[in-house]
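Colleague: Below is a structure I'd like to ask you about.
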Amino acid sequence: MNKEYVPDWDQPVNRIEESAVAVKPQTINGVKQIVTIRLDVDMLEWFKSAGPGYQTRINQVLREYMEAQRAAKAE
């Protein structure tokens, strides 16, 4: 298990109750799912070399890719 991982499943989730139109997906924090993913060792080491928060950085890169793909399909 990752040393910097702190389980938070005992903590209440703060959900923002607003209309779906007003809320962008990237603004909803706290709703996460634990998954197992296999990554290339060199890539993982590169993300970790920037310090704590590497999982958040990986998530952000994946989100940006997802949004770019969605925008490309919408064109």
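Colleague: Work out, step by step, the length gained on full extension between LYS48 and ALA74: first 0.36 nm times the residue separation, then minus their alpha carbon distance; give nm to one decimal.
Modeller: 6.0 nm
Colleague: If you don't mind, another one. Can you pull the percent of region 36-75's accessible area that's carbon plus sulfur, 1.4 Å probe, other chains left in place?
Modeller: The value for region 36-75 is 56 percent carbon and sulfur by accessible area.
Colleague: Okay, moving on. Going by average Cβ neighbours within 10 Å, how do the peptides 62-68, 51-57 rank, with the highest at the top?
Modeller: 51-57, 62-68
The values are calculated or read from the model by the stated rules, or taken from the named source; none is laboratory data. For clarity, every value in this text was computed on a predicted model and none was experimentally measured. Glycine also receives a Cβ, built like all others from the backbone with ideal geometry; neighbour counts cover every protein chain displayed. The area values use the complete protein model at the heavy-atom level, side chains included, leaving out ligands, DNA and RNA. Shrake-Rupley method; radii C 1.70, N 1.55, O 1.52, S 1.80 Å.
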